[in-house]
2 protein chains.
Amino acid sequence: MKVEIITIGDEILIGQIVDTNAAWMSRELTQCGFEIEAITSIGDRSADIIKAIDIAFGRADILLLTGGVGPTNDDITKHTLCQYFHTALEFNDEVLKNIESIFIKRNIPLNQLTKKQAYVPVSSTVIQNKFGTAPILWFEKDNKVLVSMPGVPFEMKASMQDDIIPRLKNKFQVSEYLSRSCIVTGISESALATQLAEFELQLPAGFNLAYLPSLGYIRLRLSVWGEERLSEIKQQARKLKKILGICFVSKGEKMPEEILGEKLRKKHLTVSTAESCTGGYISHKITVVPGASDYYEGSIVSYDNLIKEELLEVDKKTIESQGVVSREVVEQMASNVAKKLHTDCSIAVSGIMGPDGGTKDKPVGTVWIATLYNSEIISREYNVGRSRRENITRTANIAILQLLKMLKN
Amino acid sequence: MKVEIITIGDEILIGQIVDTNAAWMSRELTQCGFEIEAITSIGDRSADIIKAIDIAFGRADILLLTGGVGPTNDDITKHTLCQYFHTALEFNDEVLKNIESIFIKRNIPLNQLTKKQAYVPVSSTVIQNKFGTAPILWFEKDNKVLVSMPGVPFEMKASMQDDIIPRLKNKFQVSEYLSRSCIVTGISESALATQLAEFELQLPAGFNLAYLPSLGYIRLRLSVWGEERLSEIKQQARKLKKILGICFVSKGEKMPEEILGEKLRKKHLTVSTAESCTGGYISHKITVVPGASDYYEGSIVSYDNLIKEELLEVDKKTIESQGVVSREVVEQMASNVAKKLHTDCSIAVSGIMGPDGGTKDKPVGTVWIATLYNSEIISREYNVGRSRRENITRTANIAILQLLKMLKN
């Protein structure tokens, strides 16, 4: 069943907000077996909304609209839908009751503007909004469905999960979407594609292999529709893992820092970081995962060389002879931070993120990464690129994956 | 001039990535005087791309496409554009040279698959991609423009800023967009709207005041079209600043960490951070600004209490009596990190980011922030919210702004 998502609101078109609703809805719907055909964002203008609905009904069976349903004058979705479906508004007591109960919970008086939310199109089925005042409206036309819902993320998500997705599953027969993902590192996208050319050719009909490059790693996703293909996808995933060899890091949809966290928790290990060029970003990535305090102790961000000497006790002579971006320096950083913070593992990085600071020998993008586990240190040099912000992210991901690989073995 | 943005990629439709490109492009283009008519996301299927282009040419003058331009088989935008514009591919030596220079910098061998990126449509104007292997393609048709560019955010952004926006401005006459922005803190959006109600009413015709809430602060943007209104907007901006009083932090479009960096550099001051709950994110924000090494020395991320005691010398008895999330603890952290890292200023934070760890007295979202400048310490308690990732960002922004306010005085 094909779905088109239409997000409505001038704030999207002027770039004031990032449309995270569409991504969330796409992920949820895909996993339930629906196929997203297109996502369209348009402004709060009646003619544009009608045109977008016409286009969408031309390519999809289910139209999910978010936004433009607030109580103020600039919200026109409901009126536009009345026009589109040739229907009128009528007062709905159930909606008013729902609105009143919400205002009682918030302990604020109900105003006239909000009461207008209880007017709903005659030809729509009304679904109550548990967390807001705008009702969800469900229309049917030629066995196709259009649902209008609020743009407020948590109101939309609750309605989708509790009401809309169950109703859609009930109305439309959907085939199951099967997928197997994994994280791959240490290989460029094009080299990987070359390596997997034969594998792709032998894939059974209906199978798809997607390359999803991130900064510092590539996620591969093998997918097929239909639950009857479960044993086939399992077999292909095993084959893929074998071909990938040492480039394969981990299966699943999780982020590298989440996988690292799980691994550390399972093995009862702790970790610390000593960061120079990444300026705390590795530490941030690790600690954004809920429960990171179970295994993460802390970091010394030694942006200045003096801090490397004083707090991390990196030998001044080593810095002078080898340079601050060198194997010897990151190895001392990794070793000393683990000692000082009493951890089993550590990550240390030093590099040149740009735009300035590069030399002929060590251009912008040069990074040394050392990872320590069980008193063993692995240190490697990378060239991560040219753009400062991307370099920081890429370095952090590579560093986390380098430690993850050590823990695997 | 009306613009439609078309983002191409299955990864968008299955909800694997949030489309941040479209929001960035919309913001930049709006500020240059272009009007975004619609944003459409579609998958890597030729027929869908052609249909989306047809629809878009029906409602816009400029079509900006991102994505589907990688070297692998699932990237089909270039071939589809050949089909759409009835043209063929030809080998372009300049593009190959550009690709080769990128591979040389990265120090990896160039493979055949990547070389294929140097084939470009005959009828397109080629713009070199400074940071990637996929060239930017510019097509014209009936005085309308279609530009195909990579979906990799930093490649897209660089091309947009350096090449595409200047060329679009050159080709299409756009009326000048005048704007004055500022950062406001310490007030909720609704309280701010109430405070500014009268100001908004007296604004001359054509003026718009936008509220752009970020985590921890609100950006206000006053705008009007037409260069002849310059003196008017200057006058209104002065009036606005006066009304905002102590809530006004800084003018301009820059991020708080950029403004902090400029201020520190100008005053020849240095800064360090001692982070607990933000886990290195403040340090990351400060160091993502190019040239941060001029004023930033480093951070001690003391996620574990023992690290607070050992590395930051926070008194164990203070932690026991006041709790780790307390005025006394963050003041010791701010004071000791400045001493240890020999800096003029410092930022220290301790709080509960959730989802766990909250108590009745100190619920999730409780944060203490201390900032130090000129031996003076200001410390304040905040409640930043319920969601872990947002709490970290909000805390980091508030902390940076708290120090910025001290430096202003």
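So here's what we get for this one:
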{"item": "Qualifying positions in the range A:78-88 - outside any loop (DSSP other than H, G, I, E, B) and open to solvent by 60 Å² or more (accessible area, probe 1.4 Å)", "result": "A:HIS79, A:GLN83"}
{"item": "Near pairs, Cβ below 7 angstrom, 6+ apart or cross-chain, from the range A:192-217 (in contact (Cβ under 8 Å) with a residue 60 or more places away in the chain) to any residue that is buried (at least 18 other Cβ atoms within 10 Å of the Cβ) and of a type in the set (Lys, Arg)", "result": "A:LEU215/A:ARG394; A:GLY216/A:ARG394"}
{"item": "Selected residue [away from chain B (no Cβ under 13 Å) and either open to solvent by 10 Å² or more (accessible area, probe 1.4 Å) or among the charged types (D, E, K, R) (or both)] from A:ILE378, A:ILE352", "result": "A:ILE378"}
{"item": "Within the range A:1-21, considering residues that are closer than 18 Å to B:GLN16 by Cβ and facing chain B (nearest Cβ under 7 Å), the one surrounded by the most Cβ atoms within 10 Å (Cβ to Cβ)", "result": "A:ASP19"}
{"item": "The range A:355-375, subset buried (at least 17 other Cβ atoms within 10 Å of the Cβ) and not aliphatic (A, V, I, L, M), residue nearest to A:LEU264 (Cα to Cα)", "result": "A:TYR373"}
{"item": "Whichever residue in the range B:283-314 is farther than 20 Å from A:ILE352 by Cα and open to solvent by less than 10 Å² (accessible area, probe 1.4 Å) and, among such residues, is farthest from the other protein chains (Cβ to nearest Cβ)", "result": "B:VAL314"}
{"item": "Which listed residue, of A:ILE102, A:ILE136, is among the aliphatic types (A, V, I, L, M) and either modelled with pLDDT of 85 or more or open to solvent by 20 Å² or more (accessible area, probe 1.4 Å) (or both)", "result": "A:ILE136"}
{"item": "Residues (over 20 Å from B:THR80 (Cβ atoms), surrounded by fewer than 16 Cβ atoms within 10 Å (Cβ to Cβ) and not polar (S, T, N, Q)) located in the range B:139-171", "result": "B:ASP162, B:PRO166, B:ARG167, B:LYS169, B:LYS171"}
{"item": "Residue check for A:LEU137: in contact with a Pro (Cβ under 8 Å, 6 or more places away or on another chain) and more than 13 Å from chain B (Cβ to nearest Cβ)", "result": "yes"}
{"item": "Any pair with Cβ under 9 angstrom, 6 or more apart, that starts in the range A:104-123 at a residue that is under 15 Å from A:TRP138 (Cα atoms) and of a type in the set (Phe, Trp, Tyr) and ends at one that is modelled with pLDDT of 75 or more and open to solvent by less than 80 Å² (accessible area, probe 1.4 Å)", "result": "A:TYR119/A:LYS78; A:TYR119/A:LEU89; A:TYR119/A:ASN92; A:TYR119/A:VAL95"}
{"item": "Flag for B:ASN383 being surrounded by fewer than 23 Cβ atoms within 10 Å (Cβ to Cβ), touching a residue at least 24 places away in the same chain (Cβ under 8 Å) and among the polar types (S, T, N, Q)", "result": "no"}
{"item": "Residue match in the range B:334-344 (condition: touching a Lys or Arg at 6+ places or on another chain (Cβ under 9 Å), under 19 Å from B:LEU404 (Cβ atoms), touching a residue at least 60 places away in the same chain (Cβ under 8 Å) and more than 11 Å from chain A (Cβ to nearest Cβ))", "result": "yes"}
{"item": "Filtered residues of the range B:132-181 (kept if free of Cβ contacts under 8 Å to residues at least 40 places away in the same chain, outside any helix (DSSP H, G or I) and within 26 Å of the chain's Cα centre (by Cα))", "result": "B:GLY132, B:ILE136, B:VAL152"}
{"item": "Residue list for the range A:111-133, restricted to those being at pLDDT 90 or above, more than 14 Å from A:LYS97 (Cα to Cα) and open to solvent by 70 Å² or more (accessible area, probe 1.4 Å)", "result": "A:VAL122"}
{"item": "Lone unmet requirement of (1) open to solvent by 40 Å² or more (accessible area, probe 1.4 Å); (2) modelled with pLDDT under 95 for A:GLN202", "result": "(2)"}
{"item": "Residue identified as at pLDDT 95 or above and out of contact with any Asp or Glu (no Cβ under 8 Å at 6 or more places or on another chain) among A:ILE42, A:ILE50", "result": "A:ILE50"}
{"item": "Close pairs from the range A:23-49: first more than 7 Å from every other protein chain (Cβ to nearest Cβ), partner among the small types (Gly, Ala, Ser) and open to solvent by 30 Å² or more (accessible area, probe 1.4 Å), Cβ under 6 Å, at least 6 apart", "result": "A:GLY33/A:SER175"}
{"item": "Some residue of the range A:247-267 being β-branched (Val, Ile, Thr), open to solvent by 30 Å² or more (accessible area, probe 1.4 Å) and over 21 Å from A:ASN391 (Cβ atoms)", "result": "no"}
{"item": "Only one of B:LEU89, B:LEU81, B:LEU113, B:LEU96 that is closer than 30 Å to A:GLY43 by Cα and hydrophobic (A, V, I, L, M, F, W, C)", "result": "B:LEU81"}
{"item": "Unmet criterion (only one of (1) within 23 Å of A:LYS141 (Cβ to Cβ); (2) not in a loop (DSSP other than H, G, I, E, B)) for A:GLU28", "result": "(1)"}
{"item": "Selected residue [charged (D, E, K, R) and closer than 30 Å to A:GLN173 by Cβ] from A:LYS234, A:LYS266", "result": "A:LYS234"}
{"item": "Some residue of the range A:266-276 being of a type outside the set (S, T, N, Q), more than 8 Å from chain B (Cβ to nearest Cβ) and within 26 Å of A:SER188 (Cβ to Cβ)", "result": "no"}
{"item": "Where a residue in the range B:280-307 is under 17 Å from B:ALA348 (Cβ atoms) and its partner, wherever it lies, is open to solvent by less than 20 Å² (accessible area, probe 1.4 Å) and basic (Lys, Arg), with Cβ under 8 Å and at least six apart", "result": "B:SER302/B:LYS308"}
{"item": "Test for B:ASP75: is it in contact (Cβ under 8 Å) with a residue 24 or more places away in the chain, open to solvent by 30 Å² or more (accessible area, probe 1.4 Å) and more than 7 Å from every other protein chain (Cβ to nearest Cβ)", "result": "yes"}
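The values are calculated or read from the model by the stated rules, or taken from the named source; none is laboratory data. These numbers were taken from a predicted model, which means no experiment stands behind them. All Cβ positions, glycine included, derive from the backbone under ideal geometry; neighbour counts span all protein chains shown. Ligands, DNA and RNA are stripped out before the accessible areas are found, and what is left, the full protein with its side chains, is counted by its heavy atoms. Shrake-Rupley method; radii C 1.70, N 1.55, O 1.52, S 1.80 Å.
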